[in-house]
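For reference, the structure is listed below as structure tokens.
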Amino acid sequence: MTKILVIEDDPILGEMLTLYLEEERFDVRRVETARDGFAALTEFKPDAIILDLMLPDADGSTLCASFRERTAVPIIVTSMKNAVTDRIQAISSGADDYLTKPYSVQELKVRILAVLRRMPAFAPNSFLPAQSGDRITLDVERRTIVLDGKPIETTFSEYEMMKLFTQHPGRVFSREELLNAVRGIDSFVNERAMDVHITNLRKKLEVNPKEPQHIKTVWGVGYKFVK
């Protein structure tokens with residue numbers, strides 16, 4: 001049974017989410033603080049996290065970043081804030097999706113399924129064999145990018161983006177195509193967030209990020225990956 005960790009301090013909303021997700025056949029653990037959320041990562045071992053950004057003992061994008069440092073599972077952020085800058089900040093801090101309160105629980109379920117489909121344990125044919133001589137390969141079991149034989153830490157979205165790139169070297173992807181592939185067609189799409197992910201990947205993978213040799217910009221269209 002798929003495990004969902006709900007970190008929500010609003011008792012009414014938290015109870016509603018728990019009941020609904022359990023009816024949809026998820027195994028749900030709900031906690032009300034960041035501290036209990038960190039403990040549940042080890043004890044409960046969730047497959048995905050629903051994270052409220054306004055908790056009694058922590059709040060904001062640093063909260064999301066703290067969870068991302070501790071786990072690679074998908075994080076869906078929920079918040080009362082609906083400004084584009086807030087969404088970009090959360091996604092740049094490691095969130096894989098963003099829902100503004102109030103939201104539909106049915107939509108939340110769709111988004112949970114969308115991010116889970118991009119996890120190897122939930123997707124068929126996820127093995128990506130390395131080609132001899134490639135500088136950049138993927139370790140699918142550990143969900144890491146391997147650069148010159150050394151593992152590189154990435155966010156969930158960065159890994160999924162590189163997975164798509166390495167599956168289709170040379171193909172040009174628009175920003176919208178990349179975001180849809182990473183987070184699902186129903187998820188929030190923002191070109192600025194896409195550029196942030198590309199910039200971060202270049203810093204991690206390129207010898208000179210300002211003159212990239214692998215993740216190239218195709219002006220007016222999007223990006224492509226060159227081995």
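From the set of residues in segment 151-191 that are surrounded by fewer than 17 Cβ atoms within 10 Å (Cβ to Cβ), out of contact with any Leu (no Cβ under 8 Å at 6 or more places or on another chain) and polar (S, T, N, Q), which is modelled with the highest pLDDT?
Here the residue is S174.
Among the residues of segment 144-159, count how many are under 12 Å from the mean Cα position of the chain (by Cα) and over 14 Å from I215 (Cα atoms).
Residues meeting the conditions: 4.
Considering only residues that are modelled with pLDDT under 85 and acidic (D, E), look in segment 93-140 and name the one that is nearest to the chain's Cα centre (by Cα).
Taking the candidates together, the pick is D139.
Would you confirm, using the coordinates I've provided, whether S79 is in the same structural domain as E22 (by TED's automatic domain parsing) and either within 13 Å of F156 (Cα to Cα) or among the β-branched types (V, I, T) (or both)?
Here the answer is no, as S79 does not meet what is asked.
Is there any pair with a first residue in segment 100-114 that is touching a residue at least 40 places away in the same chain (Cβ under 8 Å) and a second that is among the acidic types (D, E) and not in a strand (DSSP E or B) whose Cβ atoms are under 8 Å apart and which are 6 or more apart or on different chains, and what are they?
Here the result reads E107/D186; K109/E24; V110/D186; R111/D186; A114/D186, each pair linking segment 100-114 to a residue that is among the acidic types (D, E) and not in a strand (DSSP E or B).
With the condition kept exactly as written, say whether any residue in segment 193-200 is at pLDDT 90 or above and acidic (D, E).
No, there is no match, as no residue in segment 193-200 is at pLDDT 90 or above and acidic (D, E).
Please work out which one of (1) under 27 Å from G222 (Cα atoms); (2) surrounded by fewer than 20 Cβ atoms within 10 Å (Cβ to Cβ); (3) at pLDDT 85 or above is the condition A90 fails and give its number.
Of (1) under 27 Å from G222 (Cα atoms); (2) surrounded by fewer than 20 Cβ atoms within 10 Å (Cβ to Cβ); (3) at pLDDT 85 or above, only one is false for A90: (2).
The values are calculated or read from the model by the stated rules, or taken from the named source; none is laboratory data. Only a predicted model underlies this, so the values are computations on that prediction, with no experimental measurement involved. FYI the Cβ positions are ideal-geometry reconstructions off the backbone, even for glycines, and counts take in every protein chain you see.
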